[in-house]
Every structure is written in structure tokens, then in C-alpha cells.
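Only one structure is covered here, and it is reproduced in the block below.
The values are calculated or read from the model by the stated rules, or taken from the named source; none is laboratory data. None of these values were measured; they are calculated from a predicted model. All Cβ positions, glycine included, derive from the backbone under ideal geometry; neighbour counts span all protein chains shown. The accessibility values were calculated without ligands, DNA or RNA, using every heavy atom of the protein model including side chains. Shrake-Rupley method; radii C 1.70, N 1.55, O 1.52, S 1.80 Å.
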Amino acid sequence: MALPYFLNRSICQLTEVRQSFKLLPFSSIQSLLLLVSSDDKVTNERSEWVASQFPSVKKRVFIQFTNEKKLDHRVVNGILKINKRSFNFFGKPVTDLKNVIRSERFDLLINADERSLLQMHVIAATATSGMKIGSPLGNCKHLYPISLYSQTATTFEEYVINCHDYLNALSGSSETKNG
């Protein structure tokens, strides 16, 4: 199990490898990566909600932090499960997880993890994405080009809609979502 010190160090090291980002309106997003730490039932409900709310998004993948012991780090039905054992002692994702995460590039990553787990920030730093939205970390300010603090004060749905609206506002699109 990785110590918080090593997880924080991994986040900062991975963030140093800066990825350029492109500001797009949400309607232009074709692929979306969402990070959550909820149980299977809630994650499936959230996946269905995202599919119904944003039908223009063709590819949706959830990375779910779970307490399950045996994981194979494969995307099944749009969900990739991870746990504490998915990271080595030094806070880096294990090789098979890193390969899965980096095998695809997403237009947008949203860290909607209500628990703000350090492991999810490591995943956000590892993933390749055109744009990243999440709650900022004090010592790694450049992880998320767009920072939204409201994820603990709102529901998952409200947070994603806020991400949608802020991204559209910043990109100059007038389209907004109303719950």
C-alpha cells in the first residue's frame, strides 16, 4: 500500500509532464473519462445518467475506486475498477493499470470523486486527456486546468452539469444544461 507522501509525490511528478490542453465546448466532446468512488449500483446509475444527459458523447468510461480485492484492470461495460492494490508502494499505478489508462486518449476527464482520494488524483495525472476538470490539490496546482471546488457540496449530477456549464462558458458556447 502506498503512503500518502508517495501518492502526493507521484501526482506532482506526473503533472510535471505537462500535457497541452484544448478548450472545447461540451457539445464537441466525443470521449469522456469520469473518476468516481462509489459502489457498483451507483456507478451504473451514474453511467446511465451520463449517457442520457449527454448523448453526443460517444465514448464514456468510468474509473471506479472500490474495496474489492481481486481486480484485473480491464474496462467492463464502460467501467474500470481500481483499489489500493492498484498502486505500488511509491504511489505509481501498477503496470497493467497504467497501460490501460494510457492506451486511450479522452477529450475530457472529470474527477468527480466525492472523497477526493489521492489515488484518483494519481489516475487523473496519469491519464491522457485533452482537458481535465477536478478539485485542485494544494501542492500540485497544475493538475486540473479547470478547477471546480463544489464536488463535496453537490451531487454527482450537479457537479457534472456544473462542469458542462463552466466548460461551455469558458469556450464561448451559450449552451447550458438545466438539471
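All but one of (1) touching a Cys at 6+ places or on another chain (Cβ under 9 Å); (2) closer than 24 Å to Asn44 by Cβ; (3) not in a strand (DSSP E or B); (4) not polar (S, T, N, Q) hold for Ile133; which doesn't?
The number of the failed condition is (3).
Answer yes or no as to whether Val57 is surrounded by 13 or more Cβ atoms within 10 Å (Cβ to Cβ) and assigned to a loop (DSSP other than H, G, I, E, B). Write out each step before concluding.
Working: surrounded by 13 or more Cβ atoms within 10 Å (Cβ to Cβ): yes; assigned to a loop (DSSP other than H, G, I, E, B): yes.
The answer is yes for Val57.
Restrict the check to region 134-157 and report whether at least one residue is over 23 Å from Thr66 (Cβ atoms) and at pLDDT 90 or above.
no
Just checking, does region 72-90 include any residue being of a type in the set (A, V, I, L, M), part of a loop (DSSP other than H, G, I, E, B) and open to solvent by less than 70 Å² (accessible area, probe 1.4 Å)?
no
For region 92-104, does any single residue satisfy the condition of being touching a residue at least 60 places away in the same chain (Cβ under 8 Å), surrounded by 19 or more Cβ atoms within 10 Å (Cβ to Cβ) and either touching a Phe, Trp or Tyr at 6+ places or on another chain (Cβ under 7 Å) or not in a loop (DSSP other than H, G, I, E, B) (or both)? Full working, then the answer.
Applying the first criterion (touching a residue at least 60 places away in the same chain (Cβ under 8 Å)) to region 92-104 yields 92, 104.
Within this subset, residues satisfying the condition of being surrounded by 19 or more Cβ atoms within 10 Å (Cβ to Cβ) are 92.
From what is left, the residues that are either touching a Phe, Trp or Tyr at 6+ places or on another chain (Cβ under 7 Å) or not in a loop (DSSP other than H, G, I, E, B) (or both) are none.
No, region 92-104 contains no residue that is touching a residue at least 60 places away in the same chain (Cβ under 8 Å), surrounded by 19 or more Cβ atoms within 10 Å (Cβ to Cβ) and either touching a Phe, Trp or Tyr at 6+ places or on another chain (Cβ under 7 Å) or not in a loop (DSSP other than H, G, I, E, B) (or both).
Quick one: count up the residues across region 105-130 that are part of a strand (DSSP E or B) and of a type in the set (A, V, I, L, M).
Applying the first criterion (part of a strand (DSSP E or B)) to region 105-130 yields 105-111, 128-130.
Now drop any that are not of a type in the set (A, V, I, L, M), which leaves 108-110.
Matching residues across region 105-130 total 3.
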